[in-house]
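A.B. asks: Okay, here's the structure, questions in a sec.
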Protein chains: 2
Amino acid sequence: MTPERKTSCTIRFEPSGLRTIVPLGTTLLEAARQAGVYVTSICGGDGYCGKCKVVVDEGETEAPPTTLLSKQEHHDRVVLACETRVRSDVTVTIPKSHQLDTGRILLDSDAHRFSELAAEGMAGGAFPYNPLVQKRCLRMTPPSEQDQLADHERLYAAIRKETDAPVMQTGYRILQALPGILRESNYTVTATLAQRGGTVEVVDVEAGDTSARNWAAVVDVGTTTVVVHLVDLATAATVDAEATYNSQMHFGEDYIRRIIYAEEHDAFGEMQRAIVQDVNGLIGTLAERRAIGQGEITAVVCSGNTAMIHFLLALDPRRIRRAPYVPTAAWVPPIRAAEAGIRISKRGLLYTLPAVGAYVGSDIVAGVLATRLYEAPELSLFIDIGTNGEVVLGSKAWMVCASSSAGPAFEGSGVKHGMRAAPGAIERFKIVEDGRFEYRTIGEDPPRGLCGSGLLDVLSNLWESGIVDRTGRFARRDDPRLADGPDGPEFTLVPAADGRHAVVITQADVLNLMRSKAGVYAAIQALLEATDTRPEQLQAVYVAGGFGNYLDPASAIMVGMLPDVPVERIRFVGNTAIAGAKMALMSRQALAKAEEIAGRMTYFDLMSHAHYMDAFVQANFLPHTDPDRFPSVRARLAQRRAAKARE
Amino acid sequence: MTPERKTSCTIRFEPSGLRTIVPLGTTLLEAARQAGVYVTSICGGDGYCGKCKVVVDEGETEAPPTTLLSKQEHHDRVVLACETRVRSDVTVTIPKSHQLDTGRILLDSDAHRFSELAAEGMAGGAFPYNPLVQKRCLRMTPPSEQDQLADHERLYAAIRKETDAPVMQTGYRILQALPGILRESNYTVTATLAQRGGTVEVVDVEAGDTSARNWAAVVDVGTTTVVVHLVDLATAATVDAEATYNSQMHFGEDYIRRIIYAEEHDAFGEMQRAIVQDVNGLIGTLAERRAIGQGEITAVVCSGNTAMIHFLLALDPRRIRRAPYVPTAAWVPPIRAAEAGIRISKRGLLYTLPAVGAYVGSDIVAGVLATRLYEAPELSLFIDIGTNGEVVLGSKAWMVCASSSAGPAFEGSGVKHGMRAAPGAIERFKIVEDGRFEYRTIGEDPPRGLCGSGLLDVLSNLWESGIVDRTGRFARRDDPRLADGPDGPEFTLVPAADGRHAVVITQADVLNLMRSKAGVYAAIQALLEATDTRPEQLQAVYVAGGFGNYLDPASAIMVGMLPDVPVERIRFVGNTAIAGAKMALMSRQALAKAEEIAGRMTYFDLMSHAHYMDAFVQANFLPHTDPDRFPSVRARLAQRRAAKARE
C-alpha cells in the first residue's frame, strides 16, 4: 500500500501539555491560538516584533530567514512562532517569559480601596444607594371575587407600592410564567427590577423571597487584563474579585493591532468569543467560589476602553482606527447580557458606562466619577496607566482629556520579568544607603517578578543611584550585576536562589518603561499647555491603574512620569474603572452622573497637537531633557552628589 | 409472509380533497383538525351537540350508539365526527353546512364607517395624529474630525431633532448593524420609532428614505371571526381589509369550551398556533395583495376578548374560567410581534388594547373609545354583539359593563344558512304588504345565506307577520313555505333557483336567535336596573358587531333585543373593536385614553345578579313576556291587527 500523505498534524505545547490538530503548513502562532496557549506577540503575527520566540523540541518546521534570531537561538531551535509553519507533528516549548500568570491576582485591596472611595461618595451624599438592579419581595393579597385584578397588574401594583416606577416593562416570557409563579408561591414573589433608560424592567419574577440573594458583576474590560468584582447587592459589599489576562492578547498587544488583525483575518467573531469567554470564566469562577447560582447574578456593569467594549459587545470597531475615528456607540444602551453571550441570569442586563469617544473610554469616565474630579472647585489631574495612558485635566468648570499609547509596560507586559500584581510580585524596591537592594513582595512570597509599582521604583532607584543614565542606558559596564542575557544586557535585581530564577531587568525593559512614562508625561504636558495650566495649580493628581496596592509618588516624579508637584497631592487610586462602574451599579444617580460627565469632557487629540511628538521625545529622558521642569528631582540628585562627595 | 398489521391510515376529506395520516382509532374530528378541515363542533368534541355530522363514503369506522342521529342518517352513513374512530383508510364528506365561507368578506364599508368615526374624533381634536409607530427619514451630516459623535449618538441626535423622545431604547441588533447602514446610505436613513410605555424604541433603521412605506395591521381577534385591516401610516388610510373564521372553532364554539378543550388535551400550543396562523394568513394575504413586504408592516395592534388575546399571545387563560376569574394580564404590555409568532417586521411590536377583566375585553374598551361614550355628558349604551354580547352603560361620570354569552348566532354561526357579511348574504329582509318577501344581498349577488342584519330582519318580520308566535314557534302549520327538513321544521325564505340552494330558516335557528337576543336584552336590563336608569334616559344606543353594513334599529326593537327607545337614538357602529384599535394605532394619546377608560369601567357580574336568569327567561319571548316594556312594538302590532281587521 502507498503510504497516505498526511494533511494534518498534532502540535503539542510544553509545559502545559496542551495539544491541537491543525492542517500542515499552519503557523505555530495560529496553532497556539487554537490550543489556547498564550504566546506573546506584539505585532499580531507580522514577523517584525520578534516577541513570539518558542523552541521546537521535536518535529519538522519551516520558516523564512530572519534577523530577529541570534546564531545561538538558531542552534537552540528557537523560532518565531508567527513565521514558522509545521511540516509534521511537532512539540514546542513556550519559554517561561511568554506564560501568562494564571494564578490568583491580588485584588482584595483594590476592593478595599474602592470601598473607601465609595464610602466617601456616600458620606458626602453624592449618590443615594439605589442600584441599577434591585430585588423586591412582594407579598400580595390573593385575588378574590372582590378583587379580580389580573396577575400582571397585581404585580405592577405591588411593585409600585414598593418603589417609584412610573414606567415599567415586563418581558414576554415573564408574563407567560407569571400565573404559575404567583400561585405556586401563594402570592409571595421576588421581582428583579432593572433600570433601563427611563423604564423599570421586570427582568425576573421568582417564587418566594429571594431578595437576599442578588449579585452583580462589575467588569473592567482592559486591553491587557480583565478584572471582575462580585458585588452583593443585598449588602452593597464587594465579596470577591478575580482577574485574568485578556485572551485577545493572542491577536496583538494593543487594540489597534487587534482591530487590524480582525479585519485582515475576518476574526471579529473569534475575538469576541475570546473576550466573552474571559468574562464568563471570571464570573463563573467567582460564582462557584461563592456558591452563587449564575441566575442569581442579575446584572453586569462594564467599563473599558471603547475598542474593548466594541469587541465585547460585537459592535463594529473598525472605524475606531480610521479617521474621523467614530465608534459605533460611545453610550451603549443597556442590553440583555445573554444577547452578548455573557452568562448571568437569563434576562439580566449588561450596562456599559458611557465613553467620551473612540480613544477615551468608559473606564476613564468611571475614573472621573470615582475621583469626583468633575465636582472639584480646583483643577486636578487624573491619569489612568494601562495599555494606554489616558489623562484628564479639569474641575467642575471644565474637563479636557487625551489618550497616549503608553504601552502595557507598567501592567507587566513587554517587560521580561514584569507581571501582574500577584503574590510574589515585587511591589516596592529601594536601593538603600550602602547600595543594598531592599524589596517587598506581594504576600511576602519569594520574588517571582515585578509589578507596576515595583518597576517604577526600580527605574527610579537605578537612575537615582546612577546604574542607568538619563538616557536609560546601563551606565556601569563593570557592575557585576550587569550581564548579557538572551535578551541583551540585563541587570540582576534579585539573584537566583532556592531553585527560583533571578529577577532581572533588561536594557530593553528600561527603554520600554521610559517610553511608557514619556507617553504619559507628554500627554500631561500637552493638556497643561493647551489650557495654560501650571503644574503647581494642580490640587490633586490621581493615578489609577493596575500597579498593585501601592505606588510611590516620589518614584513617579523621579522618573518624570508625573509633573513635579508636592508628593502629598499625588494619590494612587487603584482600579478606578472598577470603582466607577461599581458606583454606577450602586446608584442610578451615579450612572446618570457618568452620562453627564461623558458629555462634559472635551477630547483633545494629541496627534493634532503640533508639539506632542517633540514633548514625547523630550520626555524620553530621566526625568526629562529639561531638568527645570523637575526642581525636586534636581535638588535630590544634587543632595545625593554632595553626600557622595562627602564620603 | 404474514401481512403486517396496519397501525395508521389515510383519511381523505371531500370536497376539499385534503388528506392526513393518523393512527388507527383516531376520531374523525381529530383527523379533520389535523388535516385543517373545518367541522362544526359546539361542544368541543364531547358528543352531545350533534353538530359534527359528516358522511363516511368509504372505509371502516366504529362509533358508540347515539340518539343524535336519525334512522335515515344511519342509512346515509352519517356519523358524529367526534365519536367515530377510524378502522381503515377512510373517505369522508363534509356536508356543505360545515364549510367555512373562505370567500372575501365585505369590509370596505366597515373601514369607511371607521373613517367617519375617526374623522369625528379628529375634528373634535380629541386625539392628534401621532401613531404608535412612526418612520422618520433622518438626513445626517457625516462625521468629520470636527464632529466625532459616535454612530449611535448621531442617530439619537437626529431623531431628537425630529421628534420628542426624551427616553429612547435601541435594539442590540440595530446597534450592531448601524455602522454599515449609515455608511452605505451616506447618512440618510429611516428610523422606525415605536412607542413602548414611556420609551421610544428604535425598532429598525433602514438605508435611504423609506418613510413612505410604513404599514400597520389592526386585528380584531374575535372568537368566531378574525378581522385584519391594513393601514398605511404614511397617509393614515385604511387600504385593505380581510377576515376569516377563527380556526380555533375546531376546538369549541365559545372560548370557555376552548379553554376546557386546551386543558383536557394539553392543547394550548396547538390552539395558539391556530390563531397565530389565522392572523399571519390574513396579514400575508393583505401584504401580497397590496405588494407590501412583510418587513414594511411595522406594528400590529390587537383588540379582542381577554381569552382570545391570551390564546394569541400564549398567556395562560385557564383562570379566566375559574373563580375568581383572574386573567394573566388585562393590560398586556407591548411585545415583540415575532415573539408571539406574528410575522411582520422582525423587531416590530405587537400592541394590545387594555381590557377591563376576564369577561370584558379590549374589544369593548375599543368600542367605548371609538364611540366616545366615555366623554358624553348624557348616559348612553354600547352593545357589542359577537359570540358574546357585552354591554356598557355610562357617560363621562361613570361606566358599568357586563358580558352575556349571547352565542354567535348573529355572526352567522349555529344558524343553518347563517353566514358572515360576504357577497350573497341577505343583509335586509322585509315582508311587504301583500305578503311578498323583499330582500337585498351584499354585492347584489344571488342569495346564499343570511348575515346578522338579515337574520334580525327575518326574525322581526316573521314575528310581526305572525309566521312565528311570541315563543318563536312557527305558528302556521299549513304555510306551504314550511316544511320538515333534515334539521327539523324549516321555513323557506328564498326558494331554490338556477342551481342554487334555497335559503331557509329552521325552527332551531329561530330559537337560537331568540336566545342570543334575550341574553343581550337581559344584560341591558340588569345594568339599567342596577344603576336605576330608565331606557328613556339613554341618549344613544350604539350597536357594534359584524352584522354587515346595515342594521335596522326597528327590527332590533321589534324582536326585543334593544330597549324601546326612539329609533333615531340607535346607531349601528360596525366593528368598533377594529375602529378603536385603529384609533390607538393612530394616536399614542388614544392608547393612553383607552388605558384610562379600562381603569374607569366597573365590571358587573351578571351571574351574581339575582334577577339575571329570570330576566333572561322573560326576554326569551318576542319581544318580551312583559309587553309594557315595548310600547312601540305593541302599538305597531295593534296597528297591524287593525289594518288586517279592515281588510
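A.B. asks: Count, please, the residues in the stretch A:362-384 that happen to be more than 14 Å from residue A:301 (Cβ to Cβ) and either assigned to a helix (DSSP H, G or I) or within 14 Å of chain B (Cβ to nearest Cβ) (or both).
C.D. replies: Matching residues across the stretch A:362-384 total 7.
A.B. asks: Can you name every residue in the stretch B:494-515 that is in contact with a strand residue (DSSP E or B) (Cβ under 7 Å, 6 or more places away or on another chain) and either part of a helix (DSSP H, G or I) or of a type in the set (Val, Ile, Thr) (or both)?
C.D. replies: Passing the criteria: B:494, B:503, B:504, B:505, B:506, B:507, B:508, B:510.
A.B. asks: Go through B:83, B:73 for me and flag whichever is surrounded by 13 or more Cβ atoms within 10 Å (Cβ to Cβ) and either assigned to a loop (DSSP other than H, G, I, E, B) or modelled with pLDDT of 90 or more (or both).
C.D. replies: Of B:83, B:73, the one residue that is surrounded by 13 or more Cβ atoms within 10 Å (Cβ to Cβ) and either assigned to a loop (DSSP other than H, G, I, E, B) or modelled with pLDDT of 90 or more (or both) is B:83.
A.B. asks: Restricting to the stretch B:378-416, name every residue that is open to solvent by 10 Å² or more (accessible area, probe 1.4 Å) and over 19 Å from the mean Cα position of the chain (by Cα).
C.D. replies: Once the filter is applied, which keeps residues that are open to solvent by 10 Å² or more (accessible area, probe 1.4 Å) and over 19 Å from the mean Cα position of the chain (by Cα), the stretch B:378-416 yields B:378, B:379, B:396, B:397, B:398, B:400, B:416.
A.B. asks: If I filter the stretch B:534-547 for residues that are open to solvent by 40 Å² or more (accessible area, probe 1.4 Å) and touching a His at 6+ places or on another chain (Cβ under 8 Å), do I get at least one hit?
C.D. replies: No, there is no match, as no residue in the stretch B:534-547 is open to solvent by 40 Å² or more (accessible area, probe 1.4 Å) and touching a His at 6+ places or on another chain (Cβ under 8 Å).
A.B. asks: Given the structure, is residue B:311 within 17 Å of the chain's Cα centre (by Cα) and farther than 24 Å from residue B:400 by Cβ?
C.D. replies: So residue B:311 passes the test.
A.B. asks: Which of the strands (runs of 3 or more DSSP E) found entirely inside the stretch B:124-239 contain at least 1 residues meeting this: within 12 Å of another protein chain (Cβ to nearest Cβ) and surrounded by 20 or more Cβ atoms within 10 Å (Cβ to Cβ)?
C.D. replies: Per the criteria, B:168-170, B:188-196, B:199-207.
A.B. asks: Is it fair to say residue B:219 is closer than 29 Å to residue B:284 by Cα, hydrophobic (A, V, I, L, M, F, W, C) and under 35 Å from the mean Cα position of the chain (by Cα)?
C.D. replies: Against the criterion (closer than 29 Å to residue B:284 by Cα, hydrophobic (A, V, I, L, M, F, W, C) and under 35 Å from the mean Cα position of the chain (by Cα)), residue B:219 qualifies.
A.B. asks: Right, something else. Those residues that are in a helix (DSSP H, G or I) and either free of Cβ contacts under 8 Å to residues at least 24 places away in the same chain or aromatic (Phe, Trp, Tyr) (or both), I need them from the stretch A:630-647; list them, please.
C.D. replies: Scanning the stretch A:630-647 gives A:634, A:635, A:638, A:639, A:641, A:642, A:643, A:644, A:645, A:646.
A.B. asks: Could you grab me the full set of residues in the stretch B:243-258 that are among the polar types (S, T, N, Q), part of a helix (DSSP H, G or I) and open to solvent by 10 Å² or more (accessible area, probe 1.4 Å)?
C.D. replies: Hit for the stretch B:243-258 is B:247, nothing else.
A.B. asks: Still on this model: Somewhere in the stretch B:316-339, is a residue more than 11 Å from every other protein chain (Cβ to nearest Cβ), touching a residue at least 24 places away in the same chain (Cβ under 8 Å) and open to solvent by less than 30 Å² (accessible area, probe 1.4 Å)?
C.D. replies: No, there is no match, as no residue in the stretch B:316-339 is more than 11 Å from every other protein chain (Cβ to nearest Cβ), touching a residue at least 24 places away in the same chain (Cβ under 8 Å) and open to solvent by less than 30 Å² (accessible area, probe 1.4 Å).
A.B. asks: I've got another one for you. Output the residue which, of all residues in the stretch A:600-616 that are in a helix (DSSP H, G or I) and modelled with pLDDT under 95, is surrounded by the fewest Cβ atoms within 10 Å (Cβ to Cβ).
C.D. replies: A:608
A.B. asks: Just checking, how many residues over the stretch A:259-281 are among the aliphatic types (A, V, I, L, M), over 16 Å from the mean Cα position of the chain (by Cα) and surrounded by 19 or more Cβ atoms within 10 Å (Cβ to Cβ)?
C.D. replies: Matching residues across the stretch A:259-281 total 3.
To keep it simple, each residue is scored yes or no on (1) crowded, with 18+ Cβ neighbours inside 10 Å; (2) assigned to a helix (DSSP H, G or I); (3) among the basic types (Lys, Arg).
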residue	(1), (2), (3)
B:596	no, yes, no
B:618	yes, yes, no
B:624	yes, no, no
B:628	no, yes, no
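A.B. asks: Name, by its number, the condition in (1) farther than 19 Å from residue B:275 by Cβ; (2) modelled with pLDDT of 95 or more; (3) in contact with a strand residue (DSSP E or B) (Cβ under 7 Å, 6 or more places away or on another chain); (4) within 11 Å of chain A (Cβ to nearest Cβ) that does not hold for residue B:354.
C.D. replies: Among (1) farther than 19 Å from residue B:275 by Cβ; (2) modelled with pLDDT of 95 or more; (3) in contact with a strand residue (DSSP E or B) (Cβ under 7 Å, 6 or more places away or on another chain); (4) within 11 Å of chain A (Cβ to nearest Cβ), the lone unmet condition for residue B:354 is (3).
A.B. asks: For residue A:419, all conditions in the list (1) in contact with a Cys (Cβ under 8 Å, 6 or more places away or on another chain); (2) open to solvent by less than 10 Å² (accessible area, probe 1.4 Å) hold save one; what is the number of the exception?
C.D. replies: (2)
The values are calculated or read from the model by the stated rules, or taken from the named source; none is laboratory data. Model, not experiment: these values are computed from the prediction. Virtual Cβ from ideal backbone geometry, glycine too; neighbours counted across all protein chains shown. These accessible areas exclude ligands, DNA and RNA; they are computed on the full protein's heavy atoms, side chains included. Shrake-Rupley method; radii C 1.70, N 1.55, O 1.52, S 1.80 Å.
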